[in-house]
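Take a look at the structure set out below.
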Amino acid sequence: MTETTASPRGHFAAMLSSAMDQLDLSIGELSKQLGISCEHAQRFHDGEALPSRLLLEKTAVAVGVPVEELQLAVQLDKMRKKFGAQMIAETSGTSKRVSLFEPLINALDAEQLPAAYAMLESLVKAPKSKRAPAKMLPPQKKAKKKVGPA
């Protein structure tokens, strides 16, 4: 997991979005099922907020994803926010490059995995001249510069 993941929204938001897409569930419908405002549900969907344990359980039921999977996603997002992507990648033995794709891979369903694998495999096997340029990667977040007395 990195601060510059391919899915900057995070694991939980990616899983929620994927499940909602599969069910054709709107933000409004989700908010009604969870008993929260549309704005609150939108913040979960956009990765701007993480649910409490109670809302996590309600969300799991609403979108048909095991609560354990959503809980793991929330924990990973909290760790990423607290410790940063590089630390998590290093301690888990995952390379930073692999961690860029992890939220996206976790959001795929079983039917989508073979196609995603085939696409990546074809990119790797393609001649370098036909590969996507580096600028196609997700934008890197820049560290904020401190402004103050010198």
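The values are calculated or read from the model by the stated rules, or taken from the named source; none is laboratory data. None of these values were measured; they are calculated from a predicted model. So basically every Cβ, Gly included, is an ideal-geometry build from the backbone, and we count neighbours across all protein chains shown.
Side notes on the structure shown:
- Residue in the stretch 13-28 that is at pLDDT 95 or above, in a helix (DSSP H, G or I), of a type in the set (S, T, N, Q) and within 25 Å of Glu111 (Cα to Cα) present: no
- Flag for Glu102 being modelled with pLDDT under 95 and either of a type outside the set (Ser, Thr, Tyr) or part of a loop (DSSP other than H, G, I, E, B) (or both): yes
- Within the set His45, His40, the sole residue that is part of a helix (DSSP H, G or I), out of contact with any Asp or Glu (no Cβ under 8 Å at 6 or more places or on another chain), touching a residue at least 24 places away in the same chain (Cβ under 8 Å) and surrounded by 13 or more Cβ atoms within 10 Å (Cβ to Cβ) turns out to be His45.
- Count of residues meeting criterion [within 16 Å of Lys78 (Cα to Cα) and either aromatic (Phe, Trp, Tyr) or surrounded by fewer than 18 Cβ atoms within 10 Å (Cβ to Cβ) (or both)] in the stretch 9-37: 1
- Candidate set from the stretch 52-87 (those that are in a loop (DSSP other than H, G, I, E, B) and in contact (Cβ under 8 Å) with a residue 24 or more places away in the chain); member that is surrounded by the most Cβ atoms within 10 Å (Cβ to Cβ): Val65
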